[in-house]
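What follows is a short report on a single structure.
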Amino acid sequence: MTVFEPEVDRCDCTCIHEDVVERVRRFMPAEEHLMDLSDLFKVFADTTRVKILCALSQSEMCVCDIAVLLGMTKSSISHQLRVLKQAKLVKNRREGKVVYYSLADGHVSTIFDQGLLHVLE
């Protein structure tokens, strides 16, 4: 037998807290910025890209090194690096024939670290 438990995540009231709504509305970013943020988080939705970001959070690496680390082809890693670069999450530098990739800036490391802390809670 199951015991009926009321849904605690459903609001049954019809009142609007106008002061709260207006205060929050003033701090909402522009729609365009929210769409850009949504697109950024979509980039994190791929496990391979997350693994690449994790690796690059530890060290600058070339495509060959990342491919060996993740057990993937250089072609598939290069494709994912292009996506990460377009999202401004990674940058690269050339040294002779070798192209090294690293995180674009400290913000990327912070996003990654905070996300990981959240899922480990």
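What follows draws every value from the coordinates through simple rules; no lab data is involved. Since the model is a prediction, treat every value here as computed from it, not as a measurement. Cβ sites come from the backbone with ideal geometry, for glycine too, and all protein chains shown count toward neighbours.
Modelled spin labels at Thr110 and Ala55, positioned 7 Å past Cα toward Cβ, are 2.7 nm from each other. Length gained on full extension, Arg94 to Val119: 5.5 nm, using 0.36 nm per residue less the C-alpha separation. Residues whose amide H lies under 5 Å from that of Val90, counting only those 5 or more places away or on a different chain, are Lys85, Ala104; hydrogens are built 1.01 Å from N in the peptide plane. Straight-line cross-link reach from Lys51 at under 19 Å between alpha-carbon atoms covers these lysines, not counting any fewer than eight positions away in the same chain: Lys42, Lys74, Lys85, Lys88, Lys91. Entry note: the stretch 17-77 has Rg to Rh equal to 1.30, where both radii use alpha-carbon atoms and Rh is the Kirkwood radius.
For the chain, the relative contact order works out to 20 percent when only alpha carbon pairs closer than 8 Å and six or more residues apart are counted.
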